[in-house]
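Worksheet: one structure, shown below.
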């Protein structure tokens, strides 16, 4: 997980650069990459990358050309050094959506969705974007 504070007025340019540069993260083994924007501070973003192991962001990504390209593309928008942390997903639930709208809890249980565990081998880990 990486928390980013973007320079005032540069948010839209950051989003455009992020969209283009995120391919570099995905190309080196990141399973999913999420960008979440704060609803209370539109300059604050959270990047969540899901990797096969906690070590992958540092062992695989940080030593790659993809890391250099990603950082070059987005770091100019940082208002301060990113806050980097790591975590492991403990629980995840989703409710299936049908063409008729969100499924009720009863229908989700009938479909077995409530009993589906989170992917056991997916670790949510930080991707470090600051200079070392």
| request: Report the calculated FRET efficiency for residue 19 and residue 72 (r = Cβ-Cβ distance, R0 = 25 Å), to the nearest 0.05. | output: 0.95
| Over region 23-67, one equal point on each Cα, no solvent: what is log10 I(q)/I(0) by the Debye formula at q = 0.19, 0.21, 0.29, 0.30 Å⁻¹? | -0.61, -0.69, -0.98, -1.02
| field | Label-point separation, residue 27 to residue 98 (7 Å along Cα→Cβ), nm | value | 4.3
| note | Sorted on mean Cβ neighbours within 10 Å (highest first), peptides 85-93, 25-33 come out as 25-33, 85-93
| said: Could you work out the percent of alpha carbon pairs in region 2-101 separated by over 19 Å, rounded to a whole number? | reply: 47
| request: Can you tell me how much longer the chain between residue 54 and residue 35 gets when fully stretched, taken as 0.36 nm per residue apart minus their C-alpha distance, in nm with one decimal? | output: 5.0 nm
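The numbers here are math on the coordinates, done by the rules we state, and not lab data. Quantities reported herein were computed from a predicted structural model and do not represent experimental measurements. Methodologically, a virtual Cβ is constructed for each residue, glycine included, from the backbone with ideal geometry; neighbour enumeration extends over all protein chains shown.
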